[in-house]
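Working notes, structure below.
Every number here is computed from the coordinates shown, using simple stated rules; none is lab data. Quantities reported herein were computed from a predicted structural model and do not represent experimental measurements. A quick note on method: Cβ atoms are made from the backbone with ideal geometry, for glycine too, and the neighbour counts reach across all protein chains shown.
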Amino acid sequence: MRRTRSLQTIVFLLAVTVSDVAVEAADRVEKVFSVSSSPSIAITNYAGTIRAQGWPNAEIKLVATNYSKHAAIQMETSSNWVRVTTQVEDRLAKAEAVRVDYELWVPRDSSLEVHSNMGSVEVAGIRGDVNIDVMNAAVLVTDTSGAARVNSLDGRVEIRQAQGIVHVTTVSGDIVLQEIKSRSITASAATGNLLYEGDFLPGGKYQLSSYEGSILVQCPAQASVEWNAKSVNGGIESNLPIESKRRYARRSSSPNIHALVGTLNSGGATVNLFTTTGKIRIHRK
């Protein structure tokens with residue numbers, strides 16, 4: 001019994017020691033930059049999380065946590081722009097070996113540019129343009145009113161409550177668009193699925209495509225839309241009262257192609273849906 005307790009004590013002490021070493025190994029840096037009310041911010045990271053939040057202050061607060069001895073943080077500033085870059089010695093290293101996490105609070109009218117290889121990116125409450133380019137990282141953008149552009153190689157992209165132009169491309173990640181009030185949306189996924197949930201604005205143009213994934217659109221029955229949906233090797237279904245609806249399955253050179261062309265209510269917005277092998281579903285929200 002004593003030996004068991006001694007072993008438990010040793011294991012506990014080792015766990016505490018390892019935890020303490022991990023905490024001590026992380027280098028935390030906090031900076032505050034006085035800037036104009038609408039600065040430009042660019043942040044480039046190799047691996048780790050990036051969180052940017054808009055706030056009413058005319059300054060940028062940056063908290064960086066460096067977990068790696070092989071990564072260094074560089075900062076360049078002026079009165080109307082800030083550039084933060086993670087310099088990595090070994091670009092073939094695993095993510096945890098070169099991880100740096102960033103948290104930023106920026107003026108609401110800022111414009112933001114983010115580059116990241118691995119990890120995650122979250123942006124909220126920014127009125128300026130947001131441009132995000134990632135390799136293998138999940139992306140979440142909420143409550144923005146400028147243009148939101150996201151390019152992703154591998155990772156889920158979610159955009160919610162945006163009001164400006166939205167342009168999203170992914171290779172193998174899913175795309176989720178919810179509660180967006182924009183007249184210009186383009187979303188394209190190579191192998192991922194695509195979800196659009198919300199209304200369509202009069203005069204808006206919406207282009208949603210997924211080559212090997214499915215598309216689900218959930219909108220209110222009172223939405224005003226001209227629909228043009230086509231699936232090369234998948235089906236199309238809808239439970240909305242789309243009038244003057246025309247469905248067809250072409251039986252010539254491409255026997256599996258399906259299309260749905262029709263008008264919902266007065267047809268104020270134009271929505272084009274395309275997928276090669278997936279299914280298209282247009283449902284009442």
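Between helix 2-25 and the chain, what is the angle of the helix's C-alpha long axis to the longest principal axis, kept within 0 to 90° and rounded to the nearest 10?
Taking the Cα atoms of the chain, the angle to 2-25 is about 70 degrees.
Give me the net charge of residue 207's neighbourhood, meaning all other residues with Cβ under 15 Å from the Cβ of residue 207; Lys, Arg count +1, Asp, Glu -1. Could the numbers behind the result be given before it?
Values: positive: 149, 183, 205, 230; negative: 226.
Surrounding charge for residue 207 is +3.
Any lysines with Cα under 29 Å of the residue 230 Cα? List them, leaving off those in the same chain fewer than 8 positions away.
Answer for residue 230, where 29 Å is the Cα cut-off: 181, 205, 245, 279, 285, listed by chain and number.
Starting from the Cα gyration tensor of the stretch 45-175, take the square roots of the eigenvalues, sort them a ≥ b ≥ c, and report rounded, prolate or oblate (rounded when a/c is under 1.5, otherwise prolate if a/b is larger than b/c, else oblate).
Details: a/c = 2.22, a/b = 1.17, b/c = 1.90.
The shape class here is oblate.
Would you tally the net charge around residue 144, using a Cβ to Cβ cut-off of less than 13 Å, leaving residue 144 out, and scoring K and R as +1, D and E as -1?
Values: positive: 108, 127, 149, 160, 181; negative: 109, 122, 129, 143, 158, 179.
The answer is -1.
Quote the relative contact order of the chain in percent (integer), defining contacts as alpha-carbon pairs under 8 Å separated by 6+ residues. Each step should come with its number before you reach the end.
Values: 863 pairs, mean separation 33.3, N = 285.
Reported relative contact order: 12 percent.
In vacuum, with every alpha carbon of the chain counted as one equal point scatterer, what does the Debye formula give for log10 I(q)/I(0) at q = 0.09 Å⁻¹? Two decimals, please.
-0.55
Straight-line reach only, C-alpha to C-alpha below 17 angstrom: list the lysines that residue 61 could link to, leaving out same-chain residues fewer than 8 apart.
31
So which aspartates and glutamates can residue 94 reach, going by Cα to Cα under 17 Å and dropping same-chain residues fewer than 8 places off?
154
Which of the three applies to the stretch 136-232, rounded, prolate or oblate, going by the alpha-carbon gyration tensor with a ≥ b ≥ c and a/c under 1.5 meaning rounded?
Verdict is oblate for the stretch 136-232.
Residue by residue through the stretch 174-185, which ³J(HN,Hα) values in whole Hz follow from phi under the Karplus form 6.51 cos²θ - 1.76 cosθ + 1.60 (θ = phi - 60°), with glycine and proline marked x?
Along the stretch 174-185, the couplings run 6, 10, 10, 10, 9, 6, 9, 10, 9, 9, 9, 10 Hz.
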